[in-house]
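Notes follow once the structure below has been shown.
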Amino acid sequence: MEYYFAPMEGVTTHIYRRIHASMFPGCGIYYAPFLVACQGRGFKARELMRLAPENNPGVVLVPQLLSNDPAAFHASARQLADMGFGEVDLNLGCPSGTVVSKHRGSGMLTAPDELDRFLDEVFSGASTAISVKTRLGLASPEEFAKILEIYNRYPISKLIVHPRVRKDFYNGEPNLAAFRLAYEGSRAPVCYNGNIFSRRGFDRVLSEFPELKAVMLGRGCVADPALIRVLSGGQSLRSDELREFHDALFEAYRAEYSGDKNVLQRMKELWFYMSAMFPDSARQMKRIYKSQRCPDYIAAVDALFGECAFDPSAGFSGQKNSPAF
């Protein structure tokens, strides 16, 4: 089985990737959060810095592009190829309203004929291998049969399927019956993505699709950074490992960003996922979320680890409400 780490904007940063890969090896590919393809200008220095090999040591990285313009896609893919990337991922799954309204991401799935024309130009003279991350459609899983038919016309290196439609966002259960269309009918190698938060969820997917060769993990792997190890038959995450991982991230973010607010915003977002491993920690978590200065934050984290039971089996379910930072 191959394991991939999904791109999560603001979460799976170059700092996160570097530290995760060093402490929890086993991830085959980390996908970088999407860049908007552009023509006539290169990527910003900040964007290139996040992709640079020296900032991603020990990481196999694939950049992701968001585009509805073949010329812009080619220009950006060429720039990434010149940086040494042999593959780019085309984002046809993002459900964000601001993305969909510009006919990008899953908004590209609304008009199959336009999607077909776009892919025809994208794959003509492509400078790298191109994988595709997709949803089932915009409003109905029935849309996917036509979409898959279009995908099968092109030499897609990997088809990563998140089996929800755009209107689902991340709610409810993934549609495994619809995913079977890709599993059985895709010409490209297929990767499953969606709601794998535990060994039990992983086994459920494998019981349905025993020949599956790759899965992409996102929220589940942020909630439990040792999840790939667990899925591979290794030991569960230990409390001391999580604290070491947390502290390494915290210090790296303090070195990278100025101001306590910028650092704490990133750490608090991680706790939205990781806090599920500390049942009955509402008081301690409230203290973490309310902290405005780094010393107060560290004192709150000390209280969490010192006072609360740690249970990695009580992990993230995908249903928690985001705290107000």
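The values are calculated or read from the model by the stated rules, or taken from the named source; none is laboratory data. From a predicted model like this one, the values you see are computed outputs, not experimental measurements. Cβ coordinates were reconstructed from backbone atoms using ideal geometry, including for glycine residues, and neighbour counts include every protein chain displayed.
Filtering the stretch 183-212 to residues that are farther than 25 Å from Y273 by Cβ and under 20 Å from the mean Cα position of the chain (by Cα) leaves P189, V190.
Determine whether E87 is under 21 Å from the mean Cα position of the chain (by Cα) and within 26 Å of P155 (Cα to Cα). So E87 passes the test. Take the residues in the stretch 7-34 that are part of a helix (DSSP H, G or I), of a type outside the set (K, R) and closer than 16 Å to M49 by Cβ; name whichever of them is farthest from the chain's Cα centre (by Cα). Among them, the one singled out is I15. Could you say whether any residue in the stretch 83-96 is touching a residue at least 12 places away in the same chain (Cβ under 8 Å), farther than 26 Å from N55 by Cα, assigned by TED's automatic domain parsing to the domain that holds S157 and part of a loop (DSSP other than H, G, I, E, B)? Yes, that holds for at least one residue.
Residues that are assigned to a helix (DSSP H, G or I), in contact with a strand residue (DSSP E or B) (Cβ under 9 Å, 6 or more places away or on another chain) and of a type in the set (S, T, Y) occur at least once in the stretch 136-152. Residues in the stretch 232-243: is at least one surrounded by 20 or more Cβ atoms within 10 Å (Cβ to Cβ), out of contact with any Ser or Thr (no Cβ under 7 Å at 6 or more places or on another chain) and assigned to a loop (DSSP other than H, G, I, E, B)? Within the stretch 232-243 (the criterion being surrounded by 20 or more Cβ atoms within 10 Å (Cβ to Cβ), out of contact with any Ser or Thr (no Cβ under 7 Å at 6 or more places or on another chain) and assigned to a loop (DSSP other than H, G, I, E, B)), the answer is yes, since at least one residue qualifies.
Is it the case, given these coordinates, that E211 is modelled with pLDDT of 95 or more and assigned to a loop (DSSP other than H, G, I, E, B)? Yes: the conditions hold for E211.
One residue alone among F305, F310, F250, F272 is outside the structural domain of F197 (by TED's automatic domain parsing) and either touching a strand residue (DSSP E or B) at 6+ places or on another chain (Cβ under 7 Å) or not in a helix (DSSP H, G or I) (or both), and that residue is F310.
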